[in-house]
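S.K.: Please see the structure below; I have some questions.
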Amino acid sequence: MSKEILDPQKWVELYADMMYRFALVRVKDPEAADELVQATFFAALKSQHTFAGKSSEKTWLFGILKHKIMDHFRSSKKHISIDLTSNEGPDRIKFDSSGHMSPKPGNWNIDPEKAAENNELAQVLAECLKALPKKYHKLFILREIDGLSSDEICKEFNIKPTNLWVILHRARNQLKLCLETNWLNTK
Amino acid sequence: MKALKMTCEDVYPLISESRDHALPFLSRMRLKMHFALCGLCQIYQKQLETLCKVARALGKDEAKALEETSMSPEVKEKIRQWIIKKT
């Protein structure tokens with residue numbers, strides 16, 4: 001079997017866009033994705049001698065990129081410290097004297113299965129997501145959009161499951177209220 | 001039976017939590033009991049389900065849009081020049 005060789009002069013042409021998209025999907029920040037791709041090429045050039053030729057050039061570069069992305073998450077972890085006692089989060093849920101949520105849940109009159117195809121609702125939700133505090137936004141996206149499990153999120157950000165569930169509950173509730181104000185009332 | 005009784009205030013967090021992990025047996029039973037009596041909590045559960053389905057669809061649309069993005073030509077050129085210099 002012939003050994004794979006590296007051809008750094010062709011890296012940008014062959015892999016830059018692919019690596020950029022791979023990074024962007026994960027870090028959701030174009031500037032950070034640019035930096036990660038640059039850092040990967042930089043590290044790859046420096047450690048060319050460690051390339052044994054057993055995997056393809058592409059696999060080797062993506063392996064380095066994955067490490068860089070994990071480093072990026074680790075270094076931004078400190079920004080995710082959550083203080084549940086602070087007032088920064090979404091409003092707490094209010095209840096009336098009979099123990100019912102106030103305001104009462106409105107009738108959305110939409111089948112959850114069909115809701116996913118409703119563009120107008122999706123647009124309003126996108127706006128509501130932007131209004132969530134940053135930490136709540138990030139955890140909601142990881143859980144509901146990226147589909148990470150509670151365990152994975154808690155491990156990654158070093159938070160207790162009970163705290164995560166409270167945060168997700170508050171985030172969902174704020175989004176629900178936001179949809180009721182901005183979508184239901186304009187239907 | 002009294003041990004199974006819960007107010008809406010107790011139930012709302014559990015409705016959200018049930019999306020994140022398997023609830024303990026007793027909580028599951030309490031939730032079931034409460035749903036049998038409370039239409040508002042059923043509506044709330046359905047709303048959260050709708051909300052999360054729409055969020056997921058939104059994520060898929062974004063991922064699709066991302067597939068069509070590329071790195072800016074300026075950044076690519078900068079890296080290309082830098083690699084030429086170093087090799």
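The values are calculated or read from the model by the stated rules, or taken from the named source; none is laboratory data. Bear in mind the structure is a predicted one, so any value in this text is a computation, not a measurement. Neighbour counts run over all protein chains shown; Cβ positions are idealised from the backbone, glycine included. For the accessible areas, the whole protein counts, side chains as well, though only heavy atoms, and no ligand, DNA or RNA atoms are used. Shrake-Rupley method; radii C 1.70, N 1.55, O 1.52, S 1.80 Å.
S.K.: Out of the residues in the range A:38-56 that are in contact with a Leu (Cβ under 7 Å, 6 or more places away or on another chain) and hydrophobic (A, V, I, L, M, F, W, C), which is surrounded by the most Cβ atoms within 10 Å (Cβ to Cβ)?
M.R.: A:Ala44
S.K.: Among the numbered criteria (1) more than 14 Å from the chain's Cα centre (by Cα); (2) closer than 26 Å to B:Asp10 by Cβ, which single criterion is violated by A:Glu113?
M.R.: Only one criterion in (1) more than 14 Å from the chain's Cα centre (by Cα); (2) closer than 26 Å to B:Asp10 by Cβ is unmet by A:Glu113, namely (2).
S.K.: Filter the range B:20-61 down to residues that are over 18 Å from A:Glu144 (Cβ atoms) and among the polar types (S, T, N, Q) and give me whichever is farthest from the other protein chains (Cβ to nearest Cβ).
M.R.: Result: B:Ser27.
S.K.: May I ask you to say which residue of A:Ile69, A:Ile5, A:Ile64 is out of contact with any strand residue (DSSP E or B) (no Cβ under 9 Å at 6 or more places or on another chain) and in a loop (DSSP other than H, G, I, E, B)?
M.R.: On the way: A:Ile69 fails: in a loop (DSSP other than H, G, I, E, B); A:Ile64 fails: in a loop (DSSP other than H, G, I, E, B).
None of the others qualify; the one that does is A:Ile5.
S.K.: A further question follows. So in the range B:62-87, with the set limited to residues that are at the interface with chain A (Cβ under 7 Å from one of its Cβ atoms) and of a type in the set (A, V, I, L, M), which one is nearest to A:Ile141 (Cα to Cα)? Give the steps one after another, and end with the answer.
M.R.: The initial filter retains those residues of the range B:62-87 that are at the interface with chain A (Cβ under 7 Å from one of its Cβ atoms), namely B:63, B:66-67, B:69-71, B:75-76, B:79-80, B:83-84, B:86-87.
Restricting the remaining residues to those that are of a type in the set (A, V, I, L, M) gives B:63, B:66, B:71, B:75, B:79, B:83-84.
On the way: B:Ala63: 13, B:Leu66: 16, B:Met71: 24, B:Val75: 28, B:Ile79: 32, B:Ile83: 36, B:Ile84: 39 Å.
Across the range B:62-87, the extreme among qualifying residues is B:Ala63.
S.K.: Filter the helices (runs of 4 or more DSSP H) completely within chain B down to those with at least 1 residues that are open to solvent by less than 60 Å² (accessible area, probe 1.4 Å) and at pLDDT below 90.
M.R.: Ranges flagged: B:8-17, B:39-67.
S.K.: Return a yes/no flag: does the range A:92-108 have any residue that is open to solvent by 30 Å² or more (accessible area, probe 1.4 Å) and on the phi > 0 side of the Ramachandran plot.
M.R.: No, that holds for no residue.
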